[in-house]
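Undergrad: Dropping a structure here in structure tokens format, bear with me for questions.
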């Protein structure tokens, strides 16, 4: 029997200047010449911007003219550009997993800007290690899974309703789960909307359209009790509280969806312990909206205090909407009764964009007084007045008033933490949901098939929440339209001959990708695996192989690094 001849390894190395990000620190021409000396490298080239159309064309040309079967790009972070370069390899007939990315920007030029010579030396080491690993790369195939063409939206505020509306308009069955008795979220509590004092009911008309849409099923007074499965195939259990003849009962139902959108919104901080808050003479902006909404406002002298409970050590973020909310409400009061005196005490004023800055200037023109207070000496609220330190007069000023309004920030709902665990998605240190990448994937989670929008992601205004709802629906529809979805091939695999059934890997896997099959063997569900390697590093028998990051591939990089050390 004639043995098949092993294909010769032919590696092309493409090194990016990245403008001055890399080229301004590293000696890119010398790196290009050095790469020519490495084993199995048959072609090298440097580009000003490898990710540009010109750079991508150069890779295509290099593959074709030099018969390359491995490609190494030394540039920036794989997190942002690896799929782009893998796509070029696939386009040219190469398996995408024959591509190796070497990070010489974040891991080299950016962190060694003060020593160009040593930075270039480190870049040589990194490129040598990348070429060594590229020589041992293996062809892998992505997994194809069927997709259930329906979606779940968790949260029925303006962002969730916007997402559901877009999905239904594209023909996808959509389920909304809202914990409160009706849809609408924070819109239900607002009096008027910035900047043109629109009645919230005009936007809430969307609620009637959703309730009458045959493709949207709404469950109010309901919560998610469990979430299992993966992209394209999520199994959801919904627990609803239903009233019948005055008695409440719990009902649980199961649904299957292909994508999930998290739009749970946020709450407004209740300022217990701040400025003698009592909900009567000292109230919040949210409570002021209720008074205005019910036409029960009779106060003549008002002091508003900004940044109450925000921009402090426990909660250092700015809620972004408090300044505009205070100005909006102040102008409504002033319009209804021009004789009313209103003071807005602030640390500074946040206005995003020219139209908000113009709104701020118009507010001042209407006679509403803005004055800064010292963060180190916050205002003191007494029974009849507010005392604060005034910068311009270099002393304390006392303002008599009959109402104090506190501007408090948006905060996450406590349930966000338990939901994040069910979804296996992260939350930040404040409790807001954390997107995969703030610029490149702003409404995606790191867990495939799950998306986020609205103020559960971060404080924002209504137009931002609506836009994010549209964006999340757009991202989800990309999955639902396909019918099938490709999942990465760089996943874990268990060698059953070595496995001793200790289940350490089951405990270490954060994605529940490892379980026992019908034969009681420990196996990996490839579609759930993220290739993080936590299981492989803790397996006492080395029974777990990480495809695309095998032991011999990693060891070849270590050997290449040590080779450079001994030669020096």
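The values are calculated or read from the model by the stated rules, or taken from the named source; none is laboratory data. What you see is a predicted model, and the numbers here were worked out from it, not measured in a lab. Glycine also receives a Cβ, built like all others from the backbone with ideal geometry; neighbour counts cover every protein chain displayed.
Table: residues versus (1) in a loop (DSSP other than H, G, I, E, B); (2) more than 27 Å from residue 204 (Cα to Cα).
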residue	(1), (2)
398	no, yes
435	yes, yes
439	yes, yes
451	no, no
466	no, no
478	no, yes
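Undergrad: Here is a follow-up. Look at residue 467 and say whether it is closer than 21 Å to residue 146 by Cα and at pLDDT 95 or above.
TA: Values: closer than 21 Å to residue 146 by Cα: no; at pLDDT 95 or above: yes.
Against the criterion (closer than 21 Å to residue 146 by Cα and at pLDDT 95 or above), residue 467 does not qualify.
Undergrad: Spot the failing condition for residue 191; the list is (1) crowded, with 17+ Cβ neighbours inside 10 Å; (2) under 30 Å from residue 260 (Cα atoms), and only one is missed.
TA: Here residue 191 meets the rest and fails (2).
Undergrad: Same structure again: Anything in region 185-215 that is under 23 Å from residue 415 (Cβ atoms) and touching a strand residue (DSSP E or B) at 6+ places or on another chain (Cβ under 7 Å)? List them, or say none.
TA: Filtering region 185-215 for residues under 23 Å from residue 415 (Cβ atoms) gives 185-190, 207, 210.
Correct list: 210 only.
Undergrad: Which residues, taken from region 213-244, are over 21 Å from residue 479 (Cβ atoms) and modelled with pLDDT under 95?
TA: Answer for region 213-244, where residues must be over 21 Å from residue 479 (Cβ atoms) and modelled with pLDDT under 95: 241, 242, 243, 244.
Undergrad: Tell me the residue from 236, 224, 210, 203 that is touching a residue at least 60 places away in the same chain (Cβ under 8 Å) and not in a strand (DSSP E or B), please.
TA: Values: 236 fails: not in a strand (DSSP E or B); 224 fails: not in a strand (DSSP E or B); 210 fails: touching a residue at least 60 places away in the same chain (Cβ under 8 Å).
Only one candidate qualifies: 203.
Undergrad: Considering each of 178, 201 in turn, give the residue that is assigned by TED's automatic domain parsing to the domain that holds residue 467 and under 27 Å from residue 478 (Cα atoms).
TA: The conditions single out 178.
Undergrad: If you go through region 303-336, how many residues are free of Cβ contacts under 8 Å to residues at least 24 places away in the same chain and part of a loop (DSSP other than H, G, I, E, B)?
TA: 3
Undergrad: Of all residues in region 6-32, count the ones that are more than 25 Å from residue 53 (Cβ to Cβ) and not in a loop (DSSP other than H, G, I, E, B).
TA: Total meeting the criteria: 1.
Undergrad: Spot the failing condition for residue 459; the list is (1) modelled with pLDDT under 95; (2) part of a loop (DSSP other than H, G, I, E, B), and only one is missed.
TA: Among (1) modelled with pLDDT under 95; (2) part of a loop (DSSP other than H, G, I, E, B), residue 459 violates only (1).
Undergrad: Looking only at region 479-523, count how many residues are within 30 Å of residue 171 (Cα to Cα) and touching a strand residue (DSSP E or B) at 6+ places or on another chain (Cβ under 9 Å).
TA: So the answer is 8.
Undergrad: Any chance you could count how many residues in region 368-385 are surrounded by 14 or more Cβ atoms within 10 Å (Cβ to Cβ) and under 20 Å from residue 270 (Cα atoms)?
TA: So the answer is 4.
Undergrad: Here are the criteria: (1) farther than 30 Å from residue 300 by Cβ; (2) in contact (Cβ under 8 Å) with a residue 60 or more places away in the chain; (3) in contact with a helix residue (DSSP H, G or I) (Cβ under 8 Å, 6 or more places away or on another chain); (4) surrounded by fewer than 21 Cβ atoms within 10 Å (Cβ to Cβ). Tell me which single one residue 430 does not satisfy.
TA: So the condition that residue 430 fails would be (3).
Undergrad: Out of 420, 416, report the one residue that is at pLDDT 95 or above, farther than 30 Å from residue 335 by Cα, assigned by TED's automatic domain parsing to the domain that holds residue 231 and in contact with a helix residue (DSSP H, G or I) (Cβ under 8 Å, 6 or more places away or on another chain). Steps first, answer last, please.
TA: Values: 420 fails: in contact with a helix residue (DSSP H, G or I) (Cβ under 8 Å, 6 or more places away or on another chain).
Selected residue: 416, the only one of 420, 416 that is at pLDDT 95 or above, farther than 30 Å from residue 335 by Cα, assigned by TED's automatic domain parsing to the domain that holds residue 231 and in contact with a helix residue (DSSP H, G or I) (Cβ under 8 Å, 6 or more places away or on another chain).
Undergrad: Another question, if that's okay. Which residues, taken from region 5-24, are over 24 Å from residue 113 (Cα atoms) and buried (at least 17 other Cβ atoms within 10 Å of the Cβ)? Full working, then the answer.
TA: Filtering region 5-24 down to residues over 24 Å from residue 113 (Cα atoms) leaves 5-12.
If the condition is that a residue be over 24 Å from residue 113 (Cα atoms) and buried (at least 17 other Cβ atoms within 10 Å of the Cβ), then 9, 11, 12 are the ones that fit.
Undergrad: If residue 396 satisfies all but one of (1) buried (at least 16 other Cβ atoms within 10 Å of the Cβ); (2) modelled with pLDDT under 95, what's the number of the condition it fails?
TA: Going through the list (1) buried (at least 16 other Cβ atoms within 10 Å of the Cβ); (2) modelled with pLDDT under 95, residue 396 breaks only (1).
Undergrad: Restrict the check to region 245-264 and report whether at least one residue is at pLDDT below 95, part of a loop (DSSP other than H, G, I, E, B) and at positive phi.
TA: Looking through region 245-264, at least one residue is at pLDDT below 95, part of a loop (DSSP other than H, G, I, E, B) and at positive phi.
Undergrad: Which condition from (1) over 9 Å from residue 406 (Cα atoms); (2) at pLDDT 95 or above is the one that residue 275 breaks?
TA: The number of the failed condition is (1).
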